[in-house]
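Asker: Can you keep this structure in mind? I'll have questions shortly.
Just so it is clear, none of the values below were taken in a lab; they were calculated from the coordinates. It should be emphasised that the depicted structure is a prediction, and the values quoted were computed from it without experimental measurement. Every residue, glycine as well, gets a Cβ built from its backbone with ideal geometry; the counts of neighbours run over all protein chains shown.
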Amino acid sequence: MMKLKREGFKELTRSAIAVLALSGLVCGIYPASVWILARIVFPVRANGSLVVRDGKSEGSILIGRPFSGPDDFHPRPSAAGAGYDALRSGGSNLGPTSRTLAEQIRRRAAEYRAENGLGPLDLVPADAVTASGSGLDPHISVRNALLQAVRVAKSRGLSEADVVRLVKAAIEGRDLGIFGEPRVNVLRLNLALEGRQP
């Protein structure tokens, strides 16, 4: 009986040592080594891909932010909190049969046409009237950017050709050449527009 108790105590001790060793490895050494490696190999990405100008963060190229002035390119609508709230990331969860979604799209399309000088029958890009799944998408479609170029050029007193040239220079291709669609990062485009390319 005493031998069984000693064997049980040895097993318990081995198990406790194994748990402590694995906890130290998985909860301490591994995350710390990945963090250090990321900061050395990918310093910008490891810090959230922040765009810093004059020591001040302008935002991240990975997370959208609101722009609403007439002289800026506007991002797609956001359903994250009051809009582009990173703490409340998420979509609206409204489905294709939702009357609320249909009304939102109708209202957003009318606003988009009005602010960009489009006619009542001109087609509006889907990303101009629908929120992304995360509510934080930093990109818009190329067509959306080109339709906004006229308004931005007029508001800033620039030639439309110059603004279109900036849009075309800001186009990001498909991921790995096959995934997704060509797109434009709104923060990068607005910073390039101000002549403050990061």
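Asker: With a point put 7 Å past each Cα toward its Cβ, work out how far Phe179 is from Ala82 in nm, to one decimal.
Answerer: Here the answer is 3.5 nm between the modelled labels.
Asker: What length, rounded to one decimal in nm, is gained on full extension from Ser155 through to Lys168, with 0.36 nm per residue of separation minus their alpha-carbon distance?
Answerer: 2.8 nm
Asker: Round to the nearest 0.05 the FRET efficiency obtained for Val52 and Arg99 when R0 = 35 Å and r is the Cβ-Cβ distance.
Answerer: 0.20
Asker: If you don't mind, another one. Lys154: net charge of surrounding residues, Cβ under 15 Å, Lys/Arg +1, Asp/Glu -1, itself excluded?
Answerer: Charge balance in the 15 Å sphere: -3.
Asker: Let me ask another. Only one of the listed values, (1) 1.53; (2) 0.97; (3) 1.45, was derived from the coordinates as Cα Rg over 2.2 N^0.38 Å; which label is it?
Answerer: Computed from the coordinates, Cα Rg over 2.2 N^0.38 Å corresponds to (1).
Asker: Show me the ranking of peptides 50-58, 126-134 by mean Cβ neighbours inside 10 Å, starting with the highest.
Answerer: Highest mean packing first, the order is 126-134, 50-58.
Asker: Considering only Ile29, Ile40, Ile171, give the residue with the highest GNM mean-square fluctuation for the chain, with springs between Cα atoms whenever their separation is below 10 Å.
Answerer: Looking only at Ile29, Ile40, Ile171, the largest GNM fluctuation is found for Ile29.
Asker: Using amide H atoms built 1.01 Å from N in the peptide plane, name the residues 5+ places from Thr130, or on other chains, whose amide H lies under 5 Å from its own.
Answerer: none
Asker: Please identify which residues in the range 167-188 have an amide N closer than 16 Å to a label point set 7 Å out from the Cα of Val44, following the Cα→Cβ vector.
Answerer: Under cut-off, by backbone N: 170-173, 185-188.
Asker: Can you give the extra length, in nm with one decimal, that the chain gains between Ala126 and Arg14 once fully stretched, where that is 0.36 nm per residue apart less the Cα-Cα distance?
Answerer: Additional length available on full extension: 34.3 nm.
Asker: By how many nm would the segment from Ile36 to Ser134 grow when fully extended, if each residue of separation counts as 0.36 nm and the alpha-carbon distance is taken off?
Answerer: Extending this stretch completely gives an extra 32.4 nm.
Asker: Right, another one. So what is the calculated 222 nm ellipticity per residue for the chain, using -39500 (n - 2.57) for each DSSP H run with n of 4 or more, over all residues, to the nearest 500 deg cm²/dmol?
Answerer: Taken over the chain, the calculation gives -14000 deg cm²/dmol.
Asker: I've got another one for you. Can you give me the relative contact order of the chain as a percent, contacts being Cα pairs under 8 Å and 6 or more apart?
Answerer: Dividing the mean separation by the residue count of the chain yields 19 percent.
Asker: For the range 181-190, just list the computed ³J(HN,Hα) in residue order, Karplus coefficients 6.51, -1.76 and 1.60, θ = phi - 60°, integers in Hz, with x standing in for Gly and Pro.
Answerer: 10, x, 8, 10, 7, 5, 4, 4, 5, 5
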